[in-house]
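Report on the following structure.
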Amino acid sequence: MPSIKSIPAEAGSDILRESLLRVRIPFRYGDILVPAVAPEALGDASFIKDYGLKYAYATGAMANGIASEALVEAAAKAGMLGFFGSAGLSPERVEAAIDRLKAALGDLPFGFNLIHSPNEPDLEAAIADLYIRKGVRLVEASAYLGLTTPLVGYRLHGIRRGPDGKAFTPNRVVAKASRVEVASKFFAPAPDGILKELVASGHLSAEQAALAKEVSIAQDVTAEADSGGHTDNRPLVSMLPSFLALRDELQAKHAFSMPLRVGAAGGISTPAAAAGAFAMGAAYVLTGSVNQACVESGTCDAVRQMLAEAQQADTAMAPAADMFEMGVKVQVLKRGTMFAMRAAKLYEVYDEYPSMDAIPPAERAFLEKNLFKAPLETIWAQTREFFLKRDPREAAKGDADPKHRMALVFRWYLGLASRWANAGDPARRMDYQVWCGPAMGAFNEWAKGSFLAAPAERQAAVVALNLLLGAAYLTRLNILRVQGAAVAPELARFSPQTLDRLQESLGKERLLA
């Protein structure tokens, strides 16, 4: 253990700041002992150990490959957990990502997204089967309102009793939820109905189904507060304690051999936010919006610039492509794009009229000129051709049901708007759908005037290490405060640190592989 330095209580702020920044070195400030608080000590040590990490930090699976292979690689090589954004991609594209990441990362930890797809259950099943076939051992389950057979089948595939007599599952699930009632389903064993279905299909034996009662569907559930994409816009400060209470209740009820854990997401974009989440008891933090603004993300430079200019109020809720008919919304960037307003207009039209033929001519002309840039019947022909290959049942339903046909055409716009943004299509700039939460604006406020203000400087690992070092710094500062030390207000400002400065503060081995 490093020797303890002594700093006079009357030392200046600069000296105290430098001491606080050396987070691995304990020191005395007058009569107050300030222990070392390294970033590796933040969060739950069992989470770090179980996944073979250095830090209790994960990057979330933003859909359509926005959470790209490069982003996952950057996280893994920095000792963090990255999830690839599989949602919205074809099984062939996901399989290519699996092959690349396995070759590039070897034994380093990483995971893939498995998203609830109520409109495309066969696709959800195909992706789950792909993960089983390719030996993907970890998924981030997102947008689930309840458990599905493909998800439970993935989790329980290969379940057996280990040498220690406890139930062992090769496949693990980190679930993302924004409601206690959803989290409770993940923090419980598989329901009997799905188990019976899996036994009947031959996916599980009767013995495996019985053993499944000893494990939860997810050991880790991320409490997802106000975030980009699918969100209930709930504040983390009230949400996280309710999830922690649920964890304790269900752990006591089921006595799982692998204790349940709760992580925090939504709004984690500044050192203060990360420090607060850890102080409240989060086992880990998971970031999203800030990663999309990093150079490794699967979006384009134009979107990265838009995100770098975003403020906290520059977001809006808009209809979701994957759950359009249900009225589900996602949070998107509204600054620099008209997507939120145009998508809302589509839902209004869908809700009001029984078919495309019933749309008043003037309104239809507006949609065709400004959103679809083609006659609606032309878009339907393209959409029908797409579904004849992807899911013929949807095409047949569209042929038979004019209301559903309208929904599929409107989903054409909603679905492609994200792809236009990722590809940087200049002709569709006003239609870019950019999933984004208020956290992006908070990050920009924190980064203002520093090297991280420039999009080209935003490397995912450097951003993450800044959040973690900053959280450790602020934790140490709070130790001084609660013991009655008078500290200058400006010390609460942790400014972004360059990689060299991070290395100086954290010392020891190289920070990035």
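The values are calculated or read from the model by the stated rules, or taken from the named source; none is laboratory data. A quick note: this is a predicted structure, and the numbers were derived from the prediction, not measured. In this analysis, Cβ positions are derived from the backbone assuming ideal geometry, glycine residues included, and neighbour counts consider all displayed protein chains.
Between LEU408, LEU367, LEU416, the distinction of being over 32 Å from the mean Cα position of the chain (by Cα) and buried (at least 16 other Cβ atoms within 10 Å of the Cβ) belongs to LEU367 only.
In this structure, does GLY470 turn out to be within 20 Å of ALA67 (Cα to Cα), touching a residue at least 12 places away in the same chain (Cβ under 8 Å) and touching a helix residue (DSSP H, G or I) at 6+ places or on another chain (Cβ under 8 Å)? Answer is no for this residue. In segment 450-467, the residue that is farthest from ASN291 (Cα to Cα) out of those that are outside any helix (DSSP H, G or I) and in contact (Cβ under 8 Å) with a residue 60 or more places away in the chain is ALA454.
Of the residues making up segment 202-230, those that are under 30 Å from PRO319 (Cα atoms) and either surrounded by fewer than 21 Cβ atoms within 10 Å (Cβ to Cβ) or hydrophobic (A, V, I, L, M, F, W, C) (or both) number 6.
Would you mind stating whether ARG476 is assigned by TED's automatic domain parsing to the domain that holds ALA313, surrounded by 15 or more Cβ atoms within 10 Å (Cβ to Cβ) and either hydrophobic (A, V, I, L, M, F, W, C) or touching a helix residue (DSSP H, G or I) at 6+ places or on another chain (Cβ under 6 Å) (or both)? No: the conditions fail for ARG476.
When segment 12-60 is filtered for residues that are touching a Ser or Thr at 6+ places or on another chain (Cβ under 8 Å) and more than 26 Å from SER269 (Cβ to Cβ), the ones remaining, listed by number, are ILE25, PHE27, ARG28, TYR29, VAL34.
On the given criteria, is VAL328 surrounded by fewer than 19 Cβ atoms within 10 Å (Cβ to Cβ) and modelled with pLDDT under 95?
It is true that VAL328 is surrounded by fewer than 19 Cβ atoms within 10 Å (Cβ to Cβ) and modelled with pLDDT under 95.
The strands (runs of 3 or more DSSP E) found entirely in segment 66-153 that carry 3 or more residues being among the aliphatic types (A, V, I, L, M), outside the structural domain of GLY424 (by TED's automatic domain parsing) and modelled with pLDDT of 95 or more are 138-142.
Pairs linking a residue in segment 1-24 that is free of Cβ contacts under 8 Å to residues at least 24 places away in the same chain to a residue that is among the small types (Gly, Ala, Ser) and not in a strand (DSSP E or B), with Cβ atoms under 8 Å and 6 or more positions apart or on different chains, are LYS5/SER19; ILE7/SER19; ILE7/GLY30; PRO8/GLY30.
For the criterion of being under 30 Å from LEU414 (Cα atoms), surrounded by fewer than 24 Cβ atoms within 10 Å (Cβ to Cβ) and among the hydrophobic types (A, V, I, L, M, F, W, C), ALA313 passes. Checked against the criterion of being of a type in the set (Asp, Glu), touching a residue at least 12 places away in the same chain (Cβ under 8 Å) and touching a strand residue (DSSP E or B) at 6+ places or on another chain (Cβ under 6 Å), the candidates ASP44, ASP31 yield just one match: ASP44.
Name the residue, out of ARG493, ARG481, that is under 19 Å from ALA11 (Cα atoms), within 28 Å of the chain's Cα centre (by Cα), surrounded by fewer than 23 Cβ atoms within 10 Å (Cβ to Cβ) and basic (Lys, Arg). Talk me through it step by step, then tell me what you get.
Numbers: ARG481 fails: within 28 Å of the chain's Cα centre (by Cα).
Of the residues listed, the single one that is under 19 Å from ALA11 (Cα atoms), within 28 Å of the chain's Cα centre (by Cα), surrounded by fewer than 23 Cβ atoms within 10 Å (Cβ to Cβ) and basic (Lys, Arg) is ARG493.
Confirm whether PHE339 is among the aromatic types (Phe, Trp, Tyr), out of contact with any strand residue (DSSP E or B) (no Cβ under 7 Å at 6 or more places or on another chain) and farther than 16 Å from GLU377 by Cβ. When the stated conditions are applied, PHE339 does not pass them. Looking only at segment 206-213, decide whether some residue is assigned by TED's automatic domain parsing to the domain that holds ARG155, among the acidic types (Asp, Glu) and in contact (Cβ under 8 Å) with a residue 40 or more places away in the chain. So far as segment 206-213 goes, no, none of its residues is assigned by TED's automatic domain parsing to the domain that holds ARG155, among the acidic types (Asp, Glu) and in contact (Cβ under 8 Å) with a residue 40 or more places away in the chain.
Just wondering, is there one or more residues in segment 498-511 that are farther than 19 Å from LYS77 by Cα and at pLDDT 95 or above? No, because not a single residue in segment 498-511 is farther than 19 Å from LYS77 by Cα and at pLDDT 95 or above. Of the residues making up segment 99-126, those that are among the aliphatic types (A, V, I, L, M) and either under 15 Å from the mean Cα position of the chain (by Cα) or more than 18 Å from ARG155 (Cβ to Cβ) (or both) are LEU101, ALA103, ALA104, LEU105, LEU108, LEU114, ILE115, LEU123. Of all residues in segment 417-446, those satisfying the criterion of being within 15 Å of GLY298 (Cβ to Cβ) and among the polar types (S, T, N, Q) are SER418, ASN422, GLN433. Residues that are in contact with a Lys or Arg (Cβ under 9 Å, 6 or more places away or on another chain) and surrounded by fewer than 17 Cβ atoms within 10 Å (Cβ to Cβ) within segment 496-507 comprise GLN503, GLU504, GLY507, listed in sequence order.
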